[in-house]
1. Exactly one condition in (1) surrounded by fewer than 16 Cβ atoms within 10 Å (Cβ to Cβ); (2) at pLDDT below 90; (3) not polar (S, T, N, Q) is not met by residue 355; state its number.
2. Out of the residues in region 323-352 that are surrounded by 19 or more Cβ atoms within 10 Å (Cβ to Cβ) and among the acidic types (Asp, Glu), which is modelled with the lowest pLDDT?
3. Name the residues in region 289-324 that are in a strand (DSSP E or B) and not basic (Lys, Arg), would you?
4. Can you pull out every residue in region 179-196 that is surrounded by 13 or more Cβ atoms within 10 Å (Cβ to Cβ) and either more than 16 Å from residue 254 (Cβ to Cβ) or at pLDDT below 90 (or both)?
5. In region 415-457, how many are in contact (Cβ under 8 Å) with a residue 40 or more places away in the chain and assigned to a loop (DSSP other than H, G, I, E, B)?
6. Do you know which of the residues in region 430-476 that are open to solvent by 50 Å² or more (accessible area, probe 1.4 Å) and among the acidic types (Asp, Glu) is nearest to the chain's Cα centre (by Cα)?
7. Return a yes/no flag: does region 325-343 have any residue that is of a type outside the set (Ser, Thr, Tyr), farther than 27 Å from residue 485 by Cα, in a helix (DSSP H, G or I) and under 24 Å from the mean Cα position of the chain (by Cα).
Amino acid sequence: MERPPSSSSSSSSSPNEEEEDLRNLLDESDSQIDAAEQRPPPTFDVESLRSRLRRSFFKLNLTKRQCIVIFLPLLLVFVYLSTDLTNYFSSVKVPDSVFRPNHGPEEPDLRALYLLRKQETDLSSLWNRTLSVSDMKSALFRQMSLNRQIQNALLSPHKAESLGLYGGGGCRRVEHKLLKRKTIQWKPRRDKFLFAICLSGQMSNHLICLEKHMFFAALLKRTLVIPSHRFDYHYSRIIDIDRINTCLGRKVVVSFEEFWKSRKKHHHVHIDRFICYFSKPEPCYVDKEHIAKLKGLGISIGGKVDSPWEEEEDIAKPSNKTAEEVERSFRSDDDVIAIGDVFYANVEREWVMQPGGPLAHKCKTLVEPNRLILLTAQRFIQTFLGRNYVSLHFRRHGFLKFCNAKNPSCFYPIPQAAHCIARLVEKVDAPVIYLSTDAAESETGLLQSLLIINGKTVPFVKRPPRDSAEKWDALLYRHGLEGDSQVEAMLDKTICAMSSVFIGASGSTFTEDILRLRKDWGTASVCDEYLCQNEQPNFIADHE
């Protein structure tokens, strides 16, 4: 068969000798790959590599058939999947700093050459096969994945410079300067109490509400009363209340039982003033049933439920309030006041949301899981996950209607969600994903089947049912906390908060509480994001 003339007229070696030399070079590269990956990656000149590859390419005497084998599938990729390719290549952003002159290519070049040879072999195999449309799409996806491996090999020395776009090394932790945060001292006046009323939503909403009550109590110089589990959740099971006092160095919060004992000397427990932060849609979310529960605890309420604002506050459009406005509007000489429900309150947002919170204390965070849950989470991680894992909060129950009422929607089809998750997991190079979800098995099963990266499935890990042969959950069992749904929810949050990278559900307070813990604990990553962040669902159902 006739070959095209060589591009190098000065070369005296025959085409067969040149091909043999190239084969020897590639065979030598195979034996060097493992050793090369064990040594610290050197810097290299990408332009120099391009030049050498270009010279090697033109030295090859390729036949027309070989050219077709190499370039036709690439053309098909572009024509058949042009939209997907646009999204795919748009995610690859190479910093200018990568193309700096340096000392020349070594191991990354060999890795790239090895992968290029593998790609050539795969494409040659495709040429000799008859493929269906689905097989062709699968084969093309594999080639795209292989192409990304080649890019990562070329860019491997520069991962630390690439702004967290590539590999686990790029997903570095976010550094927060806690010493420079704005804080307020919480110094309660003697026998002045704030009774926390948190009724909207579920546990995560209540915890956020409780944190805001702490800020209000500090502003008003009052001791915060944690609600009874007969009126609200059983807070002492899920958070460490005594630790809050330890972090502040003084008594700033008391349990309802402790509050009751301190007030019994007055022969009754009485709320002198009941203040509602919001008037709409209903004051404080307190109805006749809640009033009956308070009275059942032996608490009487003086006067009517009132509002501190001149204009009515609506949870749908909360106005921005300053600390000074709260101090002025809620100031009272009464011994016991109750405020509800402040979950939606928008007071000093930047101050309140900063790492460590708005209060002066000596801990990383005030509200965190109790010690038993924290230790159980650590034991689970040591048993099933290890140091490097991605955590995923995959909220589905009730989320379809909730998300579709928002613009844009936050409810994604399973295949699109799988693509978004795989894209991030590939950056982290994590072997497993911890899954916290309320989704049905039909959804998580499909999601798992689609999470294939570089030909391997990345397994989901969920907390298994209790097994006496496993000891990671022994602390919960021995202290009677096993089977408590709120304890299990806090355990899920804790495991997610300790992961290398976290993928959350936009609009979920469960996710927001995890992000708070990660921010305060210093485990937050530059790669943390909401599921399919900055993307819209590729299909949205009509409204009812």
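The values are calculated or read from the model by the stated rules, or taken from the named source; none is laboratory data. Note that the structure is a prediction, hence the values are computed from the model and not measured. Cβ placement follows ideal geometry from the backbone for every residue including glycine, while neighbour counts extend to all protein chains displayed. Note: accessible area is taken over every heavy atom of the protein model, side chains too, but ligands, DNA and RNA are not part of it. Shrake-Rupley method; radii C 1.70, N 1.55, O 1.52, S 1.80 Å.
1. Going through (1) surrounded by fewer than 16 Cβ atoms within 10 Å (Cβ to Cβ); (2) at pLDDT below 90; (3) not polar (S, T, N, Q) one by one, residue 355 breaks only (1).
2. It comes out as 341.
3. Passing the criteria: 299, 300, 301, 306, 314, 320.
4. Selection gives 181, 183, 184.
5. The number of residues fulfilling the criteria is 9.
6. Here the residue is 438.
7. no
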